[in-house]
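First the structure, in the form of structure tokens, and then the observations on it.
The values are calculated or read from the model by the stated rules, or taken from the named source; none is laboratory data. Quick caveat, the model's predicted, so the values are computed rather than measured. Cβ placement follows ideal geometry from the backbone for every residue including glycine, while neighbour counts extend to all protein chains displayed. For accessibility, only protein heavy atoms count, side chains too; no ligands or nucleic acids. Shrake-Rupley method; radii C 1.70, N 1.55, O 1.52, S 1.80 Å.
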Amino acid sequence: MSNFLSSLKASIKTGKIRRAKEILSTLKDCHSTEKEEALEQIALASDKTAFELLSFLTDAENQDPEIHDRLIQLTIDRAHLNFKFILILFDTPDTAILQHITPLLKHILSNETDKNLLSRILRTAGKRKLKKLVDDLAEFIFYDDVHLKLDAVNALERIGTPEALEKLVQSSRTEKCDQDILDAIQVLRNN
């Protein structure tokens, strides 16, 4: 085992995340087999360590095109087990990745209970105009959480499709109607 890999493995095993990041900062210069083995070590790491290291490697400054796809897949795999890992993918500039993981996002929206994570997903869906999530976003209008409801309304407004407008109009005909919904409808009708 190379010095790079043995140092990385030791840093991961002992939870020395800063040291592991220092080691991984040289990953671009490594042979492709070492890169794959480094990803395997991260795949076996605890959630906390894996989250930190995957975030580090997907950061624009540290991206390596040779392992980009494998890194994204590893992050998606971890997100199936721990929904928090989805946050790493929200920082990627490639909206196609988010479109690709729509089924996972739908699953998280229907199963997650962490309001902060749900809020981040709702806001990202609006910001990145994830049209395939319109139905799922609209469900949050009917939740008893004011913040999630507002995030959902804003996301639908930002997506701005006829389907998003229709969901807002439908919700305006219920007891959940409020000024935020009416304002969003007005904005979309004026566009």
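Here is how the numbers come out for the structure above:
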quantity	calculated
Every residue from the stretch 1-12 that is open to solvent by 90 Å² or more (accessible area, probe 1.4 Å) and either of a type in the set (G, A, S) or assigned to a loop (DSSP other than H, G, I, E, B) (or both)	M1
Breaking point among (1) under 14 Å from the mean Cα position of the chain (by Cα); (2) farther than 23 Å from D180 by Cβ; (3) in a loop (DSSP other than H, G, I, E, B), for P103	(3)
Every residue from the stretch 27-46 that is open to solvent by less than 60 Å² (accessible area, probe 1.4 Å) and not in a helix (DSSP H, G or I)	C30, A45
Which numbered condition G15 misses (of (1) surrounded by 15 or more Cβ atoms within 10 Å (Cβ to Cβ); (2) not in a helix (DSSP H, G or I))	(1)
Residue ID - most open to solvent (accessible area, probe 1.4 Å), chosen from residues in the stretch 47-71 that are of a type in the set (A, V, I, L, M) and part of a helix (DSSP H, G or I)	A60
Search result, residues across the stretch 72-99 that are within 23 Å of E36 (Cα to Cα), at pLDDT 90 or above and open to solvent by 50 Å² or more (accessible area, probe 1.4 Å)	Q73, D77, H80, L81
The stretch 143-173, subset within 17 Å of T113 (Cβ to Cβ), among the charged types (D, E, K, R) and surrounded by fewer than 21 Cβ atoms within 10 Å (Cβ to Cβ), residue modelled with the lowest pLDDT	D144
Residue in the stretch 109-122 that is surrounded by fewer than 20 Cβ atoms within 10 Å (Cβ to Cβ) and under 11 Å from the mean Cα position of the chain (by Cα) present	yes
